[in-house]
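Here is the structure we will look at.
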Amino acid sequence: MTGTLKNYQNKSLELIAESKSIVFDDGQIYVSRFFDTLLSKTNNSRRNNIFTKIFANKNVKKVKGIYLHGGVGRGKSMIMDLFFQNLDIKNKRRLHFHDFMKEVHQRILEKSKVEKDKDSVVLVGQDLAKSAKLLCFDEMEVKDIADAMILSRLFDVMFNEGTILVTTSNQPPDGLYKNGLHRDRILPFIENLKVNTDIIEIPDGNDWRNRSLSGNRMWLSPISKTNYEKIDKIFETLSIGFEIRAESIDIAGRKIFIPKVAASIARIDFNDLCNKPLAASDYIEIALRYKGIILDNIPTLNDEMRNETRRFIWLIDALYDKNCFLIASSQTNFATLYNGQEWEFEFQRTVSRITEMTQL
């Protein structure tokens, strides 16, 4: 057992959170108790061999996972992160739901080339169940008909193989893929979720982003050590309770390295995001993945940087449309950020959107 678990094995998530200077509100305390129960069951799994029993005997009562839904900014991902960090099992995975589905489609494609006379979805489901006995998804949201058409078959296999699912979402299971094309294809998956997870709604409460960002300037200029330190402090506050890690995301075959990610917030340098051959659709995918972006070192933009300026406009459009917030360090105020002519008209809208996005 790890040192962390030696310290926390008899503690609730609420107490673990307090040790990290996080104080749960009433709604978060209510939700954390469901996670405490699941944490206890899974962390005792080695002693009780519960996973062995599940995989060996389909008649053994399965451990139910958790489907946590509710309003934005209520700390759903933070609670799931604390749960995941204190899980004492090896075969566990935590990833964004969108990334999982991209992986699934790739696996199905590769499997179909090898096992031509077999159901590749079933085979992939079996492989995934063997490799991860517990899956944690952030932001389950089904928008793609290709995802909707395979989810039921995929998870029918995985749940039967004993996979435990923990996921967050902004909506209840019945809201998944609502009004989507051929929605009947996903209904068995929704019913499977209801059987194999406890459906929990986090009560209304304060948005942690508003609380953490209140009183802070979110566009800091000029670029200076003092402003770097201010942004460092903001990021530190926003990421309390989360593991800060690097991510490399694959978008349409292009890899983007993000050096710091926590609490679904990405921190990256302007050059690494706007001085790359990215398209408007790439920025939309980034905006779908993160709740906010911290963008460092934005230079003064002009017509000599026409491509970088255009990509910055696309980035702001994507973040604005997906209701993300923006924190930035820049050489100048955003009202005077662009002094060229080619994108002058388009940049007026960009300034307007930055004004809204940097004022929570």
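The values are calculated or read from the model by the stated rules, or taken from the named source; none is laboratory data. Computed from a predicted model, the values in this text were never measured in an experiment. Cβ placement follows ideal geometry from the backbone for every residue including glycine, while neighbour counts extend to all protein chains displayed.
Which one of these is farther than 19 Å from residue 319 by Cα and free of Cβ contacts under 8 Å to residues at least 40 places away in the same chain: 247, 243, 236, 201?
236
Would you be able to tell me the number of residues in the range 177-194 that are free of Cβ contacts under 8 Å to residues at least 12 places away in the same chain and part of a loop (DSSP other than H, G, I, E, B)?
Qualifying residue count for the region: 2.
Small (Gly, Ala, Ser) and within 29 Å of residue 42 (Cα to Cα) - does that describe any residue in the range 133-147?
No, the conditions are met nowhere in the range 133-147.
Of everything in the range 312-342, what is touching a Ser or Thr at 6+ places or on another chain (Cβ under 7 Å), of a type in the set (A, V, I, L, M, F, W, C) and free of Cβ contacts under 8 Å to residues at least 40 places away in the same chain? Give them in sequence order.
Across the range 312-342, the qualifying residues are 313, 337.
Using the structure shown, decide if residue 147 is within 18 Å of the chain's Cα centre (by Cα) and in a helix (DSSP H, G or I).
Against the criterion (within 18 Å of the chain's Cα centre (by Cα) and in a helix (DSSP H, G or I)), residue 147 qualifies.
What do you reckon, is residue 191 assigned by TED's automatic domain parsing to the domain that holds residue 83 and at pLDDT below 90?
no
Could you list, in sequence order, all residues of the range 62-101 that are assigned to a loop (DSSP other than H, G, I, E, B) and either basic (Lys, Arg) or over 16 Å from residue 129 (Cα atoms) (or both)?
62, 64, 70, 71, 72, 73, 74, 75, 86, 87, 88, 90
Residues that are assigned to a strand (DSSP E or B) and either of a type in the set (Lys, Arg) or on the phi > 0 side of the Ramachandran plot (or both): does the range 219-230 have at least one?
The answer is no; no qualifying residue exists.
Looking at the range 39-49, can you tell me whether even one residue there is modelled with pLDDT of 90 or more, of a type in the set (A, V, I, L, M, F, W, C) and more than 18 Å from the chain's Cα centre (by Cα)?
Yes.
Which condition does residue 256 not pass, out of (1) closer than 19 Å to residue 227 by Cβ; (2) in contact with a Lys or Arg (Cβ under 8 Å, 6 or more places away or on another chain), if it passes all the others?
(1)
Filter the range 322-351 for residues that are surrounded by fewer than 13 Cβ atoms within 10 Å (Cβ to Cβ) and either under 30 Å from residue 141 (Cβ atoms) or outside the structural domain of residue 281 (by TED's automatic domain parsing) (or both) and give the result.
323
Determine, yes or no, whether residue 291 is surrounded by fewer than 18 Cβ atoms within 10 Å (Cβ to Cβ), closer than 21 Å to residue 258 by Cα and among the charged types (D, E, K, R).
Here the answer is no, as residue 291 does not meet what is asked.
Which numbered condition in (1) crowded, with 16+ Cβ neighbours inside 10 Å; (2) more than 20 Å from the chain's Cα centre (by Cα); (3) of a type outside the set (Ser, Thr, Tyr) is the only one that residue 265 fails?
Against the list (1) crowded, with 16+ Cβ neighbours inside 10 Å; (2) more than 20 Å from the chain's Cα centre (by Cα); (3) of a type outside the set (Ser, Thr, Tyr), residue 265 comes up short only on (2).
Being assigned to a helix (DSSP H, G or I) and modelled with pLDDT under 95: is that true of residue 285 here?
When the stated conditions are applied, residue 285 passes them.
Quick check: is even one residue across the range 217-230 of a type in the set (Lys, Arg), at pLDDT 90 or above and closer than 30 Å to residue 299 by Cβ?
Yes.
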